[in-house]
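Nothing in this text is a laboratory measurement; each read-out follows from the coordinates by a stated rule. Since the model is a prediction, treat every value here as computed from it, not as a measurement. Quick reminder, even Gly has a Cβ in these numbers, built from the backbone with ideal geometry, and neighbours come from all protein chains shown.
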Amino acid sequence: MTVGINQLVFVCLAYVVFLFVIAFLAERAAMQGRFAAVLRSPLVYTLSLSIYCTAWTFYGAVGYAARSGLEYVTIYLGPSLVMIGWWWILRRLVSIGRNQRATSIADLISSRYGKSNTLAIVVTLMAVIGVTPYIALQLQSVVLSLATFAALEGEGHGFNPTQAAFWVATGLALFTVLFGTRNLNVNERHHGIVIAIAAEAVVKLVALLAVGAFVVWGLAGGLSETLARIDASKIGAWEVQSSRWVALTVLSAAAFLCLPRMFQVMVVENDDERYLQIASWAFPTYLMLMSLFVVPIAVVGLDLLPEGSNPDLFVLNLPLSQNQNGLATLSFLGGFSSATSMVIVATLALSTMVSNHIVMPVWLTLRQGGATQSGDVRGVVIRARRLSILLIIALGFLYYRASGGSGALAAIGTISFGGVAQFLPALLGGIFWRGATRNGALCGLGLGFAIWLFTMLLPSFGVDASLSRETFEHGLFGLNWLRPQALFGIEGLDPTVHAVVWSLSLNLMMFTLVSLLTFPDPIERLQGAQFVNVLDHSGPSRFWTASVAGSEDLMIMSQRILGASEAQRFFRKQAKAQGVPGHLPEPTPDFIEALERELAASVGAATAHAMVAQIVGSSAVSVQDLLAVADESAQMLEYSSQLEQKSQELSETAAQLRMANEKLTQLSLQKDGFLSQISHELRTPMTSIRSFSEILRDTSSLTEADKTRYASIIHSETLRLTRLLDDLLDLSVLENGQVSLYLGQDGLHNVIARAVTTVVSGGEGRLKVHVVPNEKDVVLNTDLDRLVQVFINLISNSQKYCMTDVPELTISPKLTDTGLTVDFVDNGQGIAPDEQAVIFEKFYRIGGSQGDGAGLGLAICQEIMERLGGGISYLKGHNGGAFRVFLPGTALAFDTTYREARTPARSDVSRS
Amino acid sequence: MPMADRPVFLERRSYRLRRMMDAVRFLPFLGLALWMVPLLWPLPAAEVAKNGIPMSTALRYLFCVWLMLVISGWLLWRKTRVQHPSEPANAQDTVE
């Protein structure tokens, strides 16, 4: 009994109904929030990735193996390596895709390069051109398999391949429209479609494994026999060209990353980034199982089936030839599943790209001021997407009709891979290299695509079909280095290797070179930073300036894209986050940024950007914005430097305070010392006064002479006490700065003479005082009495402490630039160096000598000189005691030079 | 600056985890190297080996590598799944 074509169509329809039902149930469960664990399980994610295994894999791999041995396996090795290396690229890609809410690979690339719609259009067109043959291939495989069954029934059945292809295409379009455009927001995921393709993944795996098991254990008679049979067959030895092995592995890896349908299931439909690691071992397992029985089926098919039968259909023909109709039907369903799941997802991905990047922008441009006008954009978007789905499936169908169903399946697959692999440099460059620019991407893509067209797609139609024999042999325009299969005159390469190597390498080179030479605009740079640093948890950068955008306008627009309730919910959430009462949030940059992302999930980044731009008015980032950001950071820097300065000031102040504190402590110690000193100084005379007065009072037998002597002692002590108190008072007045100066004018010589006279006349008179005269007398304008007091003090000190036999004191006044100095130098032994520092301290007496002074003289002198604006210091480097009195220029009255030279040239006032 | 707040050495468990992640990163390169070994095999035309490598050997080799990679990937996933893959990579690179 054979399976009739009608029965097969019935089975087929039943299967399709089954797919519709589970897709519908999945959609409903997702809407009600049930079975989330199943709908979003890592298993479903992994199975959905299996749309990589299309009918090309299901039927074509066996044919491929029958033709060229193990080479077919490279198509699986590349994706396996990419999945196993998920940590390097896919992790990043999925993070970026989720972060930027990318709807497709064109959206991702355009978003990376400054939301450029030009780039999006280019990528979309390239994807459509690259993938359409692939869709045609799926239709062809379904028709071929149907034809195989039809052929069993004989000629009379009237099977029309074109009609069959048409109905298959229509059915697929219906399914995709129904489940692919239910919701607009791509990030809400197409649960129905994902579940359906997961089911189909199971069907095709089970079918291929069943056929494989049947072949190995049913036909070949066991594993070892199969292996022996393989070695004995005509593909029994390893004969894969090294260059093809590498090139095809690289190509399949690149295509796995760049195929729009793979991006759709891997990134857009991804629910949880953690699933990626599970898929990293689960998906290679799936691929391994899918390719496990390919070689045995091919070898047994070559053995058993008649010479010249199509190796692409061995999977179907082997069970049929053994009358295993059930298995044949299962195998047919496997192939049917592979084809339909691929077409559905590829169409969905492409239609998203076409509607978001071509239809919507055109629609927006045609309606000037479009985004602000009324009307439901939502409906437009969905209609655009449905239209795109029909358009793409129609394109696939037309391609199938045009190509006439010819050509080995694998060849078309490779060509398609080569086309989409051209995205790779722009994609990887975009996510790893901040320096990649839009122009670089455009140039690289353009060049790579052109080379692909010229060396891979057009030659595939055959000589004289699209390229003339002339071109093949002598190059384009007769340029010998432009031969489609020997670019730059390098001959002898395998055509596929040739095309892959040249297109990808020149694409990469162009992309890098132009990126290096061009300068990206601000949005590009911001997006570049966000893409490359996606794993650093960096917050989104600012795109929109706080502007005149009215929240209401944004609300109206959003409602039309997201739907009224959805938009209201979003706005309410944002308003709540901002803490604004009501439904309308403030149009802050953050809010507009979030809104743009929300819209991007529905209509793509470039379109969303354009729509928001229409309302917000300004372009996204102006130089002013960047400058403002720069200003902000400059202000921060300035502020922090101010803080630093302040803290430095504070620490300086603290240091000053510490110093002041030290000084105060010192002063307090000094005061204590002073008090104890003064009490001692007061006590000594008081003691003698008390003792002598007690003697006078209590002793009756005192001679008159004694009485007089004691009384005079009391008297002299009282005088000393008075003098001490006078000095203290004087000092305290001087120190407190309460002293008032009585300014007067007199010649310096007169002042010195007054002092000398006072001292010499009052003392024992042994001291000889010499005054070294100035040629010109200087007139002083200062408190003369005080100055005389200082001079007297110095002279009398000299008189007291100069212990030589012939004591002499030389007074030498001298005019300097800054004022007047008067030196008092005697010929005594001077003052010891360690005492020089302390002689101006209060109560200090040289050598602890018990003179009649209280040790306040020099301290008073110092205070007086400071009051007069000058100073007094000890002169080092003289044999005897030497003091220098300094008076500033302000204390001199130059204008009234005292001409009356009353002092003699050398006055000798000593009278001894 | 990046090293400022981080410990120089890690406790044993986190150290193991880091090395497991290293293995995850290394695995694709191992796979690539092993799958490119067939490039060294002589072709039947070469004079070294008259018949070249038999298909069954080639099949066994490729699928064993495949199985090994899958099992390694599974084991590594078992060991590292506590760690969320979105954790920043830089945290793992600077501290050893």
From the helices alone, meaning DSSP H stretches of at least four residues, give me the mean residue ellipticity at 222 nm for chain A, per-run term -39500 (n - 2.57), in deg cm²/dmol to the nearest 500. -21000 deg cm²/dmol
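How big is the Kirkwood radius of region A:165-291, worked out from every pair of different alpha carbons and given in Å to one decimal? Before the final figure, lay out each step's value.
On the way: mean 1/r = 0.0545 Å⁻¹.
It works out to 18.3 Å.
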Most exposed first by the Cβ proxy, i.e. fewest other Cβ within 10 Å, how do A:110, A:640 rank? A:640, A:110
What Kirkwood Rh does region A:279-382 have if only Cα atoms enter the pairwise 1/r average? Answer in Å. 18.1
Once you order the gyration tensor axes a ≥ b ≥ c over the Cα atoms, which shape class does region A:1-112 get: rounded for a/c under 1.5, otherwise prolate or oblate by comparing a/b with b/c? oblate
Region A:650-733, convex hull of Cα, quarter of hull surface, nm² -> 6.8
Once Lys and Arg are counted +1 and Asp and Glu -1 for all other residues with Cβ under 10 Å from that of residue B:56, the total becomes +1
Which value in nm describes the separation of the simple spin-label points at residue A:174 and residue B:34, placed 7 Å from the Cα toward the beta carbon? 4.8
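Which net charge results when you count Lys and Arg as +1 and Asp and Glu as -1 among the other residues whose beta-carbon is under 15 Å from that of residue A:60?
Combined, the nearby Lys, Arg, Asp and Glu give 0.
Using 29 Å as the Cα-Cα cut-off, could you pick out the over-long pairs in A:663/A:876; A:800/A:876; A:646/A:671; A:768/A:876? Intermediate results must be reported in sequence, preceding the final value.
Working: A:663/A:876 27 Å; A:800/A:876 20 Å; A:646/A:671 36 Å; A:768/A:876 22 Å.
The answer is A:646/A:671.
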Residue A:115: which lysines have alpha carbons under 29 Å from its alpha carbon, excluding same-chain residues fewer than 8 sequence positions away? A:573
Provide Rg and Dmax in Å for chain A, with only Cα atoms included in the calculation. 54.5, 179
Taking the highest mean first, how do the peptides A:135-143, B:23-31 order by number of other beta carbon atoms within 10 angstrom per residue? A:135-143, B:23-31
If packing is taken as the mean number of other Cβ atoms within 10 Å per residue, what is the order of A:282-288, A:174-180, highest first? A:282-288, A:174-180
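Test of understanding: ordering A:555, A:290, A:342 by Cβ neighbours within 10 Å, fewest first, what list do you get?
Numbers: A:555 19, A:290 23, A:342 30.
Taking fewest neighbouring Cβ atoms as first place, the list is A:555, A:290, A:342.
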Convert 10 °C to kelvin, take the viscosity as 1.306 mPa s, use the Kirkwood radius over C-alpha pairs of region A:105-179 as Rh, and evaluate the Stokes-Einstein diffusion coefficient in µm²/s, rounded to a whole number. 106
Across peptide A:202-210, how many C-beta atoms of other chains are within 10 Å of each residue C-beta, on average? 0
Estimated inter-spin distance, residue A:832 and residue A:509, nm [label 7 Å along Cα→Cβ]: 9.6
